[in-house]
């Protein structure tokens, strides 16, 4: 039973938190967490988690010495997914945003540049002879289209989402694993668009990769026992826009989301003994599926 406002508190009640509230990270008081350091028992958020032989340790305990007798390399601070802790856990996210903004500015200066960046299966459509497109061997469009935006609202929404979702994921996964997640999700979204959309339909934007981050964030939050309702609500809103608003390549969103969930699950649930093999092996399998979709669609168009 909750205590009424203004009622006296005994010594046993002082500092008591509501049962439904999670403790906050001792280094980041604004972040709730359900994980504690296995050595000092202080609550720690994903950015402060260091992989240990049992559970996770905080950065302070790691710096003070592991006491395990391991070599320096074995005791090196690691993220939840096994990546190396860095002084700037958002560096890759900042670089990705910078590349997107640079390409956007270049497109505003020279609009003709967009024709060489967008994802398009085959152009021009029949009865004309196709001169460009993925079916004509321009597979690079799967990558360039991930960084191309034409409308201000489009890049604004995607970059805000990248900042909000990418930073925490980069801190939890580490730079290499985070970058792998981003590109695999983006490529999966592009491949599904190429497979299902009209060959002459052009698509662009980082939305496939962003939806991959949505999926991986949900997996990570489930792994940390966080409340999933906020991320699920935000995802549902985005899916409503995806299917309710015209001129949106829903295939990219769904492809990126599915890839993000699969890769994200492998990143945070891989067993310690075979962690890198499982994590990057899963990325390789998803990429193999991407290649198969590309080959099948190219054969159909050709």
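Points worth noting:
- Most to least packed among 225-237, 93-105 [average Cβ atoms within 10 Å]: 93-105, 225-237
- Paramagnetic reach from residue 299 in the range 85-123 [backbone N under 20 Å; point 7 Å along Cα→Cβ]: 121-122
- Where only DSSP H runs of four or more residues are counted, the chain gives -17000 deg cm²/dmol as its mean residue ellipticity at 222 nm, each run worth -39500 (n - 2.57).
- Shape call, the range 184-284: gyration tensor on alpha carbons, a/c limit 1.5: oblate
- Spin-label pair residue 240/residue 108, simplified geometry with 7 Å Cα→Cβ offset, distance in nm: 3.1 nm
- Stretched out straight at 0.36 nm per residue, the stretch from residue 28 to residue 128 would grow longer than its current Cα-Cα span by 30.0 nm.
Coordinate-derived values only; no laboratory data. Small disclaimer: the values here were computed from a predicted structure and weren't measured. Glycine gets a Cβ as well: all are built from the backbone with ideal geometry, and neighbour counts include every protein chain shown.
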